[in-house]
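Colleague: One structure, pasted below without further comment.
The values are calculated or read from the model by the stated rules, or taken from the named source; none is laboratory data. Computed from a prediction, not measured in an experiment: that's the story for all the values here. Backbone-built Cβ (ideal geometry, glycine too); neighbour counts: all protein chains shown.
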Amino acid sequence: MSAINIVMVEPEIPQNTGNVARTCAATGARLHLVGPMGFKIDDRKLKRAGLDYWHFLDITYYDGIDDFFAKNSGEFFYFTTKGRKTHSSVSYPDNCYLLFGKETKGLPEELLIKNPDKCVRIPMANDIRSLNLSNSVAVAVYEVLRQWDYPELQNFGQLHNYRWEDVK
C-alpha cells in the first residue's frame, strides 16, 4: 500500500491528537508525534478521542524536530497558513510526509523559510486565523488519497435495513 506520513510537531491538545490518530487509523496513514507534547499519551482526553483506534496505528515518537529529521528522509510538505501554494496544487509522492505544527503557533518559521516550495496552505476566509488542527490533517490526508485514487480503501457501504441492489 502507498504510504502517507502525518507528522504532528509539538501537539498541545490531546483531543486533536486523538482525532488525528483516528484519521490515520481509518486511512492507513502513519503517525509521527514530535515532542515535546502538551500532554501525556495516557491522557484521558486523548484516549476518549482515539482509544478504540489506537491499536490500528503505526506510530513513532520523537524527542524533537531534530530527532525526527535525523531518522526520516523523503519528500516533506509543510502545512501552514503562511504557505504560498494551495494543498491541492502539488503532487504528493508515495511515502510523503505532511508536517503540521502546534495549535498555538504552527510550524517554526525557521523551518518554513528554508522550504518555501514545500509550504502549502488550505484556503480559507481572510478573517479566519486557521482551521482546527485535526480538521486540517483530515483535509490534507484526503487530498493525497484523492490524488492516488484512494488505494486499498473501501469506497462503498451497505445499509443496515435495506439493500442498494433493490433500488430502482
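Colleague: Which one is modelled with the lowest pLDDT among residues in segment 34-43 that are surrounded by fewer than 20 Cβ atoms within 10 Å (Cβ to Cβ) and under 15 Å from residue 100 (Cβ atoms)?
Modeller: By that ranking, first place goes to 38.
Colleague: The conditions are (1) assigned to a helix (DSSP H, G or I); (2) within 27 Å of residue 22 (Cβ to Cβ), and residue 90 fails exactly one of them. Which is it?
Modeller: (1)
Colleague: Considering each of 46, 31, 57, 51 in turn, give the residue that is out of contact with any His (no Cβ under 8 Å at 6 or more places or on another chain) and at pLDDT 90 or above. Write out each step before concluding.
Modeller: Numbers: 46 fails: at pLDDT 90 or above; 57 fails: at pLDDT 90 or above; 51 fails: at pLDDT 90 or above.
Among 46, 31, 57, 51, only 31 is out of contact with any His (no Cβ under 8 Å at 6 or more places or on another chain) and at pLDDT 90 or above.
Colleague: Can you tell me which residue in segment 136-166 is nearest to residue 11 (Cα to Cα), limited to those that are touching a residue at least 60 places away in the same chain (Cβ under 8 Å), not in a loop (DSSP other than H, G, I, E, B) and not aromatic (Phe, Trp, Tyr)?
Modeller: First, the residues of segment 136-166 that are touching a residue at least 60 places away in the same chain (Cβ under 8 Å): 137-138, 140-142, 144-145, 148, 151-153.
Narrowing the set further to residues that are not in a loop (DSSP other than H, G, I, E, B) leaves 137-138, 140-142, 144-145.
From what is left, the residues that are not aromatic (Phe, Trp, Tyr) are 137-138, 140-141, 144-145.
Values: 137: 12, 138: 15, 140: 17, 141: 18, 144: 22, 145: 24 Å.
Among those that are touching a residue at least 60 places away in the same chain (Cβ under 8 Å), not in a loop (DSSP other than H, G, I, E, B) and not aromatic (Phe, Trp, Tyr), it is 137.
Colleague: Which condition number in (1) surrounded by 18 or more Cβ atoms within 10 Å (Cβ to Cβ); (2) over 19 Å from residue 5 (Cα atoms); (3) not aliphatic (A, V, I, L, M) is the one that residue 143 fails?
Modeller: (2)
Colleague: Restricting attention to segment 93-109, and to residues there that are out of contact with any Ser or Thr (no Cβ under 6 Å at 6 or more places or on another chain) and part of a loop (DSSP other than H, G, I, E, B), which single residue is farthest from residue 38 (Cα to Cα)?
Modeller: Of segment 93-109, the ones out of contact with any Ser or Thr (no Cβ under 6 Å at 6 or more places or on another chain) are 93, 95-105, 108-109.
So of that shortlist, the ones also part of a loop (DSSP other than H, G, I, E, B) come out as 93, 95, 101, 103-105, 108.
Values: 93: 31, 95: 27, 101: 12, 103: 10, 104: 11, 105: 13, 108: 16 Å.
So the residue we want is 93.
Colleague: Run residue 82 past the list (1) in contact with a Ser or Thr (Cβ under 9 Å, 6 or more places away or on another chain); (2) touching a residue at least 24 places away in the same chain (Cβ under 8 Å) and report the number of the one that doesn't hold.
Modeller: Of everything listed in (1) in contact with a Ser or Thr (Cβ under 9 Å, 6 or more places away or on another chain); (2) touching a residue at least 24 places away in the same chain (Cβ under 8 Å), residue 82 misses just condition (1).
Colleague: Right, another one. What is the number of the single condition among (1) modelled with pLDDT of 95 or more; (2) β-branched (Val, Ile, Thr); (3) loosely packed, with under 13 Cβ neighbours inside 10 Å that residue 104 does not meet?
Modeller: Against the list (1) modelled with pLDDT of 95 or more; (2) β-branched (Val, Ile, Thr); (3) loosely packed, with under 13 Cβ neighbours inside 10 Å, residue 104 comes up short only on (1).
Colleague: Further question on the same structure: Condition (residue is aromatic (Phe, Trp, Tyr), surrounded by fewer than 18 Cβ atoms within 10 Å (Cβ to Cβ) and more than 21 Å from residue 26 (Cα to Cα)) applied to segment 149-159: is it met by at least one residue? Working first, answer last.
Modeller: So in segment 149-159, the residues aromatic (Phe, Trp, Tyr) come out as 150, 156.
Filter again for surrounded by fewer than 18 Cβ atoms within 10 Å (Cβ to Cβ), leaving 150, 156.
Restricting the remaining residues to those that are more than 21 Å from residue 26 (Cα to Cα) gives none.
Checking segment 149-159: not a single residue is aromatic (Phe, Trp, Tyr), surrounded by fewer than 18 Cβ atoms within 10 Å (Cβ to Cβ) and more than 21 Å from residue 26 (Cα to Cα).
Colleague: Can you tell me how many residues in segment 110-135 are assigned to a helix (DSSP H, G or I) and surrounded by 15 or more Cβ atoms within 10 Å (Cβ to Cβ)? Before the answer, list the steps.
Modeller: Within segment 110-135, the first condition is being assigned to a helix (DSSP H, G or I), and the residues that meet it are 110-113, 116-118, 133-135.
From what is left, the residues that are surrounded by 15 or more Cβ atoms within 10 Å (Cβ to Cβ) are 111-112, 118, 133-135.
Residues in segment 110-135 being assigned to a helix (DSSP H, G or I) and surrounded by 15 or more Cβ atoms within 10 Å (Cβ to Cβ): 6 in total.
Colleague: Scan segment 1-13 and report the pairs whose first residue is closer than 17 Å to residue 143 by Cβ and whose second residue is surrounded by fewer than 20 Cβ atoms within 10 Å (Cβ to Cβ) and basic (Lys, Arg), with Cβ atoms within less than 8 Å and a gap of 6+ or a chain change.
Modeller: 3/30; 4/30; 5/30; 6/30
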